[in-house]
1. On the given criteria, is D130 under 21 Å from the mean Cα position of the chain (by Cα) and either modelled with pLDDT under 85 or among the acidic types (D, E) (or both)?
2. Here is a list of conditions, (1) over 21 Å from S156 (Cβ atoms); (2) modelled with pLDDT of 95 or more, and L98 meets all of them except one; can you say which number that is?
3. Provide a single number: the residues in region 4-19 that are in contact with a Ser or Thr (Cβ under 7 Å, 6 or more places away or on another chain) and open to solvent by 10 Å² or more (accessible area, probe 1.4 Å).
4. What about Y69, is it among the aromatic types (F, W, Y) and at pLDDT 95 or above?
5. Between residues in region 160-172 that are among the acidic types (D, E) and residues that are assigned to a helix (DSSP H, G or I), which pairs lie under 6 Å by C-beta distance while being six or more apart or on different chains?
6. Report, by residue number, each residue of region 133-171 that is modelled with pLDDT of 90 or more and open to solvent by 70 Å² or more (accessible area, probe 1.4 Å).
7. Which of the residues belonging to region 27-45 are out of contact with any helix residue (DSSP H, G or I) (no Cβ under 7 Å at 6 or more places or on another chain) and either open to solvent by less than 70 Å² (accessible area, probe 1.4 Å) or farther than 23 Å from H160 by Cβ (or both)?
8. With in contact (Cβ under 8 Å) with a residue 12 or more places away in the chain, open to solvent by less than 30 Å² (accessible area, probe 1.4 Å) and closer than 24 Å to E124 by Cα as the only criterion, which of G75, G22 stands out?
Amino acid sequence: MSLLHAVLGFVAIQPMTGYELGKAFSTTAAHFWPADQSQLYRTLHRAEADGFVESTTVEQATRPDRRLYTLLEPGREALEVWLASPLEPDNSREPFLLRLFFAASLGTAGVIELLDQRRSAAVELLTTLDALASSAPRKISKATLAIQLQYATLESGRAHARAEITWLDELRTQLADHKESAR
């Protein structure tokens, strides 16, 4: 997936400024597809140059003017083609797992420290996702399909974070037991 498709998807929901896109992205999709504000602006400008979106200037009396981006028909078509296309292989990169793979030279204590750092990050992510979930609509069964699917991605993130914490705890226990039996 490209960031372009994510940007088209957000602008398809409603016209947005670059700032609004960044806020929407950071509170929804960022847990599974990270992008910083500068990437979003570059992608918006590329989408506009490609004729997928158009921007209009919205004048404001007390603040700088805003550029509001609206999805055009070629952008909607590009989004629909992408949505209907076969899924791409998931070739995700996991820097932590690569580091863990080679971490034996750190010794058991060093690996446990690495696991503890990762666990702290996973707990922080889960706390953030739990906060987002607590503000989600309560009656999800009556929500629109779009809201149900957006909530489902949030639940996927929460499930992955919980599973990682469990896995880290189990691995830490195994390493601690190994360290004790090696004495």
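The values are calculated or read from the model by the stated rules, or taken from the named source; none is laboratory data. Every value quoted in this text rests on a predicted model; they were computed, and no experiment measured them. All Cβ positions, glycine included, derive from the backbone under ideal geometry; neighbour counts span all protein chains shown. We work out accessible area using only protein heavy atoms, side chains counted, and drop any ligands, DNA or RNA first. Shrake-Rupley method; radii C 1.70, N 1.55, O 1.52, S 1.80 Å.
1. Working: under 21 Å from the mean Cα position of the chain (by Cα): yes; either modelled with pLDDT under 85 or among the acidic types (D, E) (or both): yes.
Taking the combined requirement at face value, the residue satisfies it.
2. Every condition holds for L98 apart from (2).
3. 2
4. Numbers: among the aromatic types (F, W, Y): yes; at pLDDT 95 or above: yes.
Yes, satisfied.
5. E164/A122
6. Scanning region 133-171 gives H160, R162, T166, W167, E170.
7. Those that are out of contact with any helix residue (DSSP H, G or I) (no Cβ under 7 Å at 6 or more places or on another chain) and either open to solvent by less than 70 Å² (accessible area, probe 1.4 Å) or farther than 23 Å from H160 by Cβ (or both): A30, S38, R42, H45.
8. Working: G75 fails: closer than 24 Å to E124 by Cα.
Unique residue meeting the criteria: G22.
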